[in-house]
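Trainee: Would you mind keeping the following structure in view while I ask a few things?
Where a number appears in this text, it was derived from the coordinates with a stated rule and is not lab data. Note that the structure is predicted; figures quoted are calculated from it, not measured. Every residue, glycine as well, gets a Cβ built from its backbone with ideal geometry; the counts of neighbours run over all protein chains shown.
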Amino acid sequence: MSFSRLRIMILKILLLWGGSLYGQTYEELVGKSYDYLENNDLLAAEMSLKEALRAEPANPGNYALLTNLGTIQRRQGKLDEALLSYTTALNRFPQNVMILENRAALYIEMNEPDKALNDYSLLLLSDSLNQDALYNRGMLYIQKKNFLWAEHDFNKILELNETTFYGRLGYAVLEKMRGNYDESERIYNYLIEKMPREWQLYKGRAELYFFMNKNGRAMADVNRLFLETVPDAELFVLRGRIRLAQNDRSSARKDFLKAKEMGYSAQVVDELLRLSR
């Protein structure tokens, strides 16, 4: 959920509960947190929300403040603190879809796929038609090689919306990981034709072409991404793998070292560097 939507929800709570029951200081601190957010001062926004929570620890609206606090902490890279904030909010509202969605996304960022799966499954018990949750859970199932369960989630998305982008993208990834490369390529080509500036599609297709040993095509997609986007560590690793397959070991090593510098797994990069000697 965006900060703007959450702000509206919190303001409604304050109108319902804040008036005569709670002091103005609480409301002022919440308001200040949004002023700080608008100025991109995340630390000050975090401190303001913490002060509001201390000022009125029994305020029924605190679950929303805790959710917002968790998102602010997550944006600062304070993942453990963000997890504590989301979990505290969930202790008050265990089946809240918004908080479960936020914590599940955080667990993915923390490389805790089993915990993320659990949160998405709990979320879908309350909101079985949530397409974002179905897609994200399906991708986690692929990661765990539970391909039939992933297929079930993507099918459900397509039942809800036959024109969905993410349902088809899920299938493209699923068929790629199953080894059904021709079918995966067909889906990627279809999606790219429909949405030629959806850059994640080129990254997925480049990886597919690499798996298919079509390294010239893979490099064409990667080169476009380097021109059109800000490359992340994964893209440097992918280009390095392609270059290694093309026997350009020197360039491959540069890509792998750049990925390591950007925070990619040192263990994975060191093994790739060994292969590129």
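Trainee: Which entries of 203/260; 78/254; 176/260; 176/203; 115/258 show an alpha-carbon separation above 22 angstrom in the structure shown?
Mentor: Correct reply: 78/254; 176/260; 115/258.
Trainee: How much net charge surrounds residue 186 when only other residues with a Cβ under 15 Å from its Cβ are counted (Lys, Arg +1; Asp, Glu -1)? Please report the intermediate quantities before stating the final value.
Mentor: Numbers: positive: 168, 176, 178, 194, 205, 214, 217; negative: 175, 182, 183, 185, 193.
Neighbourhood net charge equals +2.
Trainee: What does the net charge come to around residue 256 if you take all other residues with beta carbon closer than 15 Å to its beta carbon, with K and R at +1 and D and E at -1?
Mentor: My count for the surroundings of residue 256 gives +3.
Trainee: Taking Cα atoms, how many degrees apart are the long axis of helix 3-17 and the longest axis of the chain, rounded to 10 and kept between 0 and 90?
Mentor: For 3-17 against the chain, the angle is about 20 degrees.
Trainee: Related question: State the Cα centre-to-centre distance between segment 73-124 and segment 226-264 in whole Å.
Mentor: 31 Å
Trainee: What does the C-alpha gyration tensor say about the overall shape of segment 197-277? Classify as rounded when a/c is under 1.5, otherwise prolate if a/b is larger than b/c, or oblate. Each step should come with its number before you reach the end.
Mentor: Values: a/c = 1.99, a/b = 1.32, b/c = 1.51.
Cα axes put segment 197-277 in the oblate bin.
Trainee: What are the ³J(HN,Hα) couplings of segment 233-239, residue after residue, when phi is run through the Karplus curve with 6.51, -1.76, 1.60 and θ = phi - 60°? Round to Hz, x for glycine and proline.
Mentor: Rounded to whole hertz, the list is 4, 4, 5, 5, 5, 4, 5.
Trainee: Given the -39500 (n - 2.57) contribution per DSSP H run of 4+ residues, what per-residue ellipticity at 222 nm results for the chain, rounded to the nearest 500 deg cm²/dmol?
Mentor: Result for the chain: -25000 deg cm²/dmol, rounded to the nearest 500.
Trainee: Along Cα→Cβ, 7 Å out, is where each label goes; now give me the distance between the ones at residue 195 and residue 118 in nm to one decimal.
Mentor: It is 3.2 nm.
Trainee: Name the long-range amide H neighbours of residue 76: under 5 Å, sequence gap of 5 or more, or other chain; modelled H, no Pro or chain starts.
Mentor: none
Trainee: Let me know the Rg and Dmax you get for the chain when you use only its Cα atoms, in Å.
Mentor: Over the chain's Cα set, Rg and Dmax evaluate to 22.2, 73 Å.
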